1. Arrange E81, E103, E58 by Cβ neighbour counts within 10 Å, fewest through most, would you?
2. Each residue of region 45-54 in order: what ³J(HN,Hα) in whole Hz does its phi give by Karplus 6.51 cos²θ - 1.76 cosθ + 1.60, θ = phi - 60°, with x for Gly and Pro?
3. How much FRET efficiency would the formula 1/(1 + (r/R0)^6) give for R72 and A111, where r is the Cβ-Cβ distance and R0 is 35 Å, rounded to 0.05?
4. Provide the gained length on full extension for the span E58 to R92, in nm with one decimal, where the gain is 0.36 nm per separating residue minus the Cα-Cα distance.
Amino acid sequence: MGRSAAGGGAHSLSAQARVFADGGMVDNAPEMATVTFQAVLSSGHKGNAAEVPFDPGERWSLSARPLWPGRRGFRVHATVEGQAFDTAIVARSRRFWLLVPKEVSDLAGLAVGDSGSFSVASAGPSMSARKPHAA
């Protein structure tokens with residue numbers, strides 16, 4: 001099961017990673033910089049999401065791209081508690097949010113309000129622009 005927001009988690013670091021002040025971790029390989037962070041799964045009016053503790057445009061030197069009509073963001077390959085999925089990071093209310101389909105959070109054993117371990121890597125502009133399924 002998922003951990004409550006009150007429970008913390010330590011990062012185990014490899015020699016090829018570094019930790020940022022925001023709590024995220026990034027692999028040093030610039031072409032596929034993976035960032036790992038702890039976040040609480042939140043419910044929104046368009047499905048579940050987790051707040052991303054960095055600006056993906058600044059971190060990966062990318063511009064937001066059209067994802068589907070009316071929405072721009074960053075396509076990413078992600079994991080939550082080891083469950084891999086393709087999704088997007090979008091900006092809302094001056095913050096960045098990783099869209100997490102309910103099916104994925106269910107497989108990961110996370111409920112809204114639980115804290116989990118997330119990893120994201122830019123998928124670049126080549127990933128399909130399919131809208132994640134809203135819960």
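The numbers here are math on the coordinates, done by the rules we state, and not lab data. As the structure is a computational prediction, the values presented were derived from the model and not from experiment. Neighbour counts are summed over all protein chains in view; Cβ atoms, including those assigned to glycine, are modelled from backbone coordinates with ideal geometry.
1. Least to most surrounded, the residues fall as E58, E103, E81.
2. Rounded to whole hertz, the list is 6, 10, x, 7, 7, 10, 5, 8, x, 7.
3. Using R0 = 35 Å, I get an efficiency of 0.75.
4. That works out to 10.6 nm of additional length.
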